[in-house]
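The values are calculated or read from the model by the stated rules, or taken from the named source; none is laboratory data. Predicted model, so just to flag it, every value in this text is computed and none were measured. Heads up, the Cβs are rebuilt from the backbone with ideal geometry, glycines too, and the neighbour counts pull from every protein chain shown. Ligands, DNA and RNA are stripped out before the accessible areas are found, and what is left, the full protein with its side chains, is counted by its heavy atoms. Shrake-Rupley method; radii C 1.70, N 1.55, O 1.52, S 1.80 Å.
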Amino acid sequence: MLNGVFVCDLAQLPPGGARGFTVQTSRGTLDLIVLRWQGRVLAYENRCPHTGVNLDWVPGQFMDAPGRHLQCATHGALFRPEDGRCVAGPCAGDALRALPVQVENGAVWLPEMDG
Ligand code: FES
């Protein structure tokens, strides 16, 4: 088994969709956005680079209406799902912090991170 923190079962992630999870790591509590996007599982810290708030005002809802970007509920910034880059809004050019999740045996894990 992977040396890390269990995040969720893969089955909890709808294709093309994102979900929010909170995990306890050795360095404290971490809010994550985990998504299945174009056959990959990706994760970002649930923290807008504009002011540091969580992106979702309705818990667990992250995608914009067309389903093409992650959207911050506070001021509407749009982020590319594939790399977390902000492409529109007050933090354009900045990015969500990517987290190196891994999939093993149908589960999503966050490896223990150093530093
Ligand atoms: S807090 Fe996210 S766009 Fe302003």
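Table for the structure above
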| read-out | value |
| --- | --- |
| Residues located in the range 47-82, provided they are surrounded by fewer than 16 Cβ atoms within 10 Å (Cβ to Cβ), within 12 Å of the ligand (Cβ to nearest atom) and not aliphatic (A, V, I, L, M) | Thr51, Gly52, Trp57, His75, Gly76 |
| So Leu110, is it open to solvent by less than 40 Å² (accessible area, probe 1.4 Å) and either assigned to a loop (DSSP other than H, G, I, E, B) or out of contact with any strand residue (DSSP E or B) (no Cβ under 7 Å at 6 or more places or on another chain) (or both) | no |
| Test: residue in the range 9-22 that is open to solvent by less than 30 Å² (accessible area, probe 1.4 Å) and of a type in the set (A, V, I, L, M) | yes |
| Selection within the range 23-46 - open to solvent by 10 Å² or more (accessible area, probe 1.4 Å), under 13 Å from Glu82 (Cβ atoms) and either hydrophobic (A, V, I, L, M, F, W, C) or in contact with an Asp or Glu (Cβ under 9 Å, 6 or more places away or on another chain) (or both) | Trp37, Gln38, Arg40, Val41, Leu42 |
| Residue count for the range 83-115, restricted to those that are away from the ligand (no atom under 15 Å from the Cβ), without any contact (Cβ under 8 Å) to a residue 12 or more places away in the chain and within 16 Å of the chain's Cα centre (by Cα) | 0 |
| Any pair with Cβ under 8 angstrom, 6 or more apart, that starts in the range 60-73 at a residue that is part of a loop (DSSP other than H, G, I, E, B) and ends at one that is aromatic (Phe, Trp, Tyr) and open to solvent by less than 30 Å² (accessible area, probe 1.4 Å) | His69/Phe79; Cys72/Phe79 |
| Conditions (1) in contact with a strand residue (DSSP E or B) (Cβ under 6 Å, 6 or more places away or on another chain); (2) modelled with pLDDT under 95; (3) of a type outside the set (S, T, N, Q); number of the one not met by Arg27 | (1) |
